[in-house]
Amino acid sequence: EAGVTQFPSHSVIEKGQTVTLRCDPISGHDNLYWYRRVMGKEIKFLLHFVKESKQDESGMPNNRFLAERTGGTYSTLKVQPAELEDSGVYFCASSQGQGGHEQYFGPGTRLTVT
Amino acid sequence: AQSVSQHNHHVILSEAASLELGCNYSYGGTVNLFWYVQYPGQHLQLLLKYFSGDPLVKGIKGFEAEFIKSKFSFNLRKPSVQWSDTAEYFCAVIPTASGTYKYIFGTGTRLKVLA
């Protein structure tokens, strides 16, 4: 069974540019989560999809961040325009069932905004 | 606000030493509890989880954790660490009655085991 995959693994962009991160969850997992870890801090929740619907987006920092999950399969997280404080590692996770179950994490995308 | 505290940010041990990593959470209701590990260059992997039942939970690679409800704690233990346990360890909590299923993570503990 393939795990959660994320693309790209690293991205370096300049302030003001746009970046799109992609996450492919484990097949059959309806729940998809995005998290972010800023250097030295804890991993923080961004949002939760159930299939194609946003169940909880309380962790999204501001309207420069847009997440989509068209068709309930893979998800993208776009940052536009990127700011210096957006640098960090963005993790995607997926889980099956109604939620509250263990989440399976991808390797993360390391985003550096210069 | 709900939070998870991992008091030890960096731990250095010699092989065969015993390990205990602290995790405390601030939430009065029912919780699901998890410990994850991230080995160098790898993704986060589940070590163990607690939903209900026996508060002493055994996980992979010889790790165990004890849920003490009165102390809001879920400490991770291993009787004898190995060099290969060098990694970062994360405690995570889901407050199940909150209606949300997001993890609330601690800041992580970096463990270095000296050969």
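The values are calculated or read from the model by the stated rules, or taken from the named source; none is laboratory data. Computed from a predicted structure; not experimentally measured. No Cβ is skipped: glycine too gets one built from the backbone with ideal geometry, and neighbour counts run over all protein chains shown. Only protein heavy atoms, including side chains, enter the accessible area calculation; ligands, DNA and RNA are left aside. Shrake-Rupley method; radii C 1.70, N 1.55, O 1.52, S 1.80 Å.
So, with a 1.4 angstrom probe, what is the percent of accessible area on chain B that is carbon and sulfur?
That fraction is 53 percent.
Give me a comma-separated list of calculated 3J(HN,Hα) values for the stretch A:60-72, in order, Karplus coefficients 6.51, -1.76, 1.60 applied at θ = phi - 60°, integers in Hz, x for any Gly or Pro.
Coupling constants for the stretch A:60-72: 5, x, 6, 7, 7, 9, 10, 10, 9, 8, 5, x, x Hz.
Give me the distance in nm between label points sitting 7 Å out from Cα along the Cα-to-Cβ direction at residue B:3 and residue A:7, one decimal.
Each label point is offset 7 Å from its Cα along the Cβ direction, giving 4.0 nm.
Pull up all non-local amide H partners of residue A:17: gap of 5 or more, or a different chain, and H-to-H distance under 5 Å with H placed in the peptide plane.
Answer set, sorted by chain and number: A:82.
Over chain A, what number does the Rg to Rh ratio reach, with both radii from the alpha-carbon atoms and Rh per Kirkwood?
0.95
Give, as a single signed number, the net charge of other residues whose beta carbon lies under 15 Å from the beta carbon of residue B:27, with Lys and Arg counted +1 and Asp and Glu -1.
+3
Going down the table (B:61/B:112; B:58/B:78; B:69/B:112; A:54/B:102; A:44/B:58; B:49/B:102), which pairs top 19 Å between alpha carbons?
B:69/B:112; A:44/B:58
Could you tally the net charge around residue B:73, taking each other residue with its Cβ under 13 Å from the Cβ of residue B:73, Lys/Arg +1 and Asp/Glu -1?
+1
For residue B:11, list long-range residues whose amide hydrogen, built 1.01 Å from N in the peptide plane, is under 5 Å from its own amide hydrogen.
Those qualifying (amide H under 5 Å, at least 5 residues apart or on another chain) are B:110, B:111, B:112.
Counting pairwise Cα distances across the stretch A:1-68, what percent come out greater than 15 angstrom?
Across the stretch A:1-68, Cα pairs with separations above 15 Å total 63 percent.
Where nothing but the Cβ of Lys and Arg (+1) and of Asp and Glu (-1) is charged, how large is the charge dipole of the protein assembly as shown around its Cα centre, in debye to the nearest 20?
220
How big is the dipole moment of the stretch A:5-97 about its Cα centre under a simple scheme where the beta carbon of each Lys and Arg is +1, that of each Asp and Glu is -1, and everything else is neutral? Debye, nearest 20, please.
In total the dipole reaches around 60 debye.
At 1.4 Å probe size, with no ligands or nucleic acids counted, give the accessible surface of residue A:56 in Å², nearest ten.
My reading of the accessible area for residue A:56 is about 30 Å².
Based on C-alpha coordinates, I'd like the Rg and Dmax of the stretch B:4-114, in Å.
For the stretch B:4-114, the Cα-based Rg and Dmax read 13.5, 43 Å.
In terms of modelled amide H atoms, which long-range or inter-chain residues lie less than 5 Å from the amide H of residue B:86?
Excluding prolines and chain starts, which carry no amide H, the hits are B:113.
Using the Karplus equation 6.51 cos²θ - 1.76 cosθ + 1.60 (θ = phi - 60°), what ³J(HN,Hα) coupling, rounded to whole Hz, does each residue of the stretch A:75-92 give in order, writing x for Gly and Pro?
3J(HN,Hα) across the stretch A:75-92, in whole Hz: 10, 10, 10, 9, 10, 8, x, 6, 10, 4, 6, 7, 4, x, 9, 9, 9, 10.
In terms of solvent-accessible area of protein heavy atoms at a 1.4 angstrom probe, what is the ranking of A:57, A:102, highest value first?
Sorted descending by solvent-accessible area, the residues read A:57, A:102.
I need to check one value: relative contact order of chain B, counting alpha carbon pairs closer than 8 Å and at least 6 residues apart, in percent.
RCO, chain B: 37 percent.
Could you go through the stretch A:17-33 in sequence order and give the Karplus-derived ³J(HN,Hα) for each residue, using 6.51 cos²θ - 1.76 cosθ + 1.60 with θ = phi - 60°, rounded to whole Hz, and x for Gly and Pro?
7, 10, 9, 10, 9, 10, 9, 10, x, 5, 4, x, 7, 6, 8, 9, 10
If you line up the Cα atoms of the protein assembly as shown on their principal axes, what length do they span on each, largest first, in Å?
If we take the Cα atoms of the protein assembly as shown, the spans are 48, 38, 37 Å.
Keeping all protein chains in place and using 1.4 angstrom, which order do A:60, A:39 fall into by accessible surface area, from largest down?
Heavy-atom accessible area, descending, gives A:39, A:60.
Can you give the accessible area per residue of the stretch A:5-97, in Å², using a 1.4 Å probe?
So the stretch A:5-97 comes to 49 Å² accessible per residue, rounded to a whole number.
Order the following by accessible area, largest value first: B:52, A:94. Probe radius 1.4 Å; ligands, DNA and RNA are ignored.
Correct descending sequence by accessible area is B:52, A:94.
Keeping all protein chains in position, work out how much accessible area residue B:18 exposes to a 1.4 Å probe, and write it in Å² to the nearest 10.
80
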